[in-house]
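Every read-out reported here was derived from the displayed coordinates using simple, explicitly stated rules and does not represent laboratory data. What you are looking at is a predicted structure, and each value in this text was computed from that prediction instead of being measured. Cβ sites come from the backbone with ideal geometry, for glycine too, and all protein chains shown count toward neighbours.
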């Protein structure tokens with residue numbers, strides 16, 4: 001059995017049951033709905049839900065363990081952030097196809113090898129957004145094709161330096177932190193299995 005989001009619910013305890021829903025906003029990349037839910041103890045409450053198609057994020061790795069980043073101004077937080085490339089899934093788009101598209105659009109690189117390394121919900125307390133993380137290797141220079149409203153600068157640095165910047169609080173975009181730590185874990189596991 002599937003719920004209204006298409007998620008499998010069979011065998012799962014229903015802790016909250018939606019009794020009514022109201023669409024409050026429909027946008028280009030997200031929607032907002034407000035659900036009235038009944039809790040398992042019979043009480044009722046309200047849940048505000050941001051509906052999002054999901055996203056793909058990429059750790060683009062050059063052959064010498066350097067990572068390609070994008071630096072861009074983020075209006076919502078009023079500052080420029082250093083991030084791994086990422087973007088929202090188009091309607092019906094496969095996450096890996098989105099990752100390939102975003103990699104080339106934002107960095108000007110294509111990859112010969114793409115491997116899924118992680119997927120996680122961004123903020124499941126109020127959002128349906130799930131990010132699919134990929135490690136991109138065998139990169140070949142192509143051409144950037146940023147969207148009309150994007151102002152992106154590409155920066156390249158060793159993954160070790162990027163991890164140091166996370167520890168020093170200089171990189172604090174959540175998807176970037178998750179993606180880099182997961183990629184780093186994979187490198188450690190690969191290195192330990194080689195010895």
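The table that follows gives values for the structure above.
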{"quantity": "Stretch gain in nm, segment residue 91-residue 186, where the contour uses 0.36 nm per residue and the Cα spacing is subtracted", "calculated": "31.1 nm"}
{"quantity": "Label-zone membership for segment 45-86, site residue 17, 7 angstrom Cα→C-beta point, backbone N under 20 Å", "calculated": "45-48"}
{"quantity": "Proxy reagent accessibility, fewest Cβ within 10 Å first, across 98, 120, 178", "calculated": "120, 178, 98"}
{"quantity": "58, 159 arranged by Cβ crowding within 10 Å, fewest neighbours leading", "calculated": "159, 58"}
{"quantity": "Separation of alpha-carbon centers, segment 162-185 and segment 12-70, rounded to whole Å", "calculated": "23 Å"}
{"quantity": "Order of 75, 134 - criterion: other Cβ atoms within 10 Å of each residue's Cβ, fewest first", "calculated": "75, 134"}
{"quantity": "Segment 55-194, relative contact order in percent, only Cα pairs under 8 angstrom and at least six apart counted", "calculated": "31 percent"}
{"quantity": "Extended-chain gain in nm, criterion 0.36 nm per residue less alpha-carbon gap, residue 71 and residue 46", "calculated": "5.2 nm"}
{"quantity": "Using a Förster distance of 30 Å, the FRET efficiency for residue 167-residue 138 (Cβ separation, nearest 0.05)", "calculated": "0.55"}
{"quantity": "Read-out Rg and Dmax of the Cα atoms in Å, derived from the coordinates shown; its label in (i) 20.0, 74; (ii) 19.2, 59; (iii) 16.1, 49", "calculated": "(ii)"}
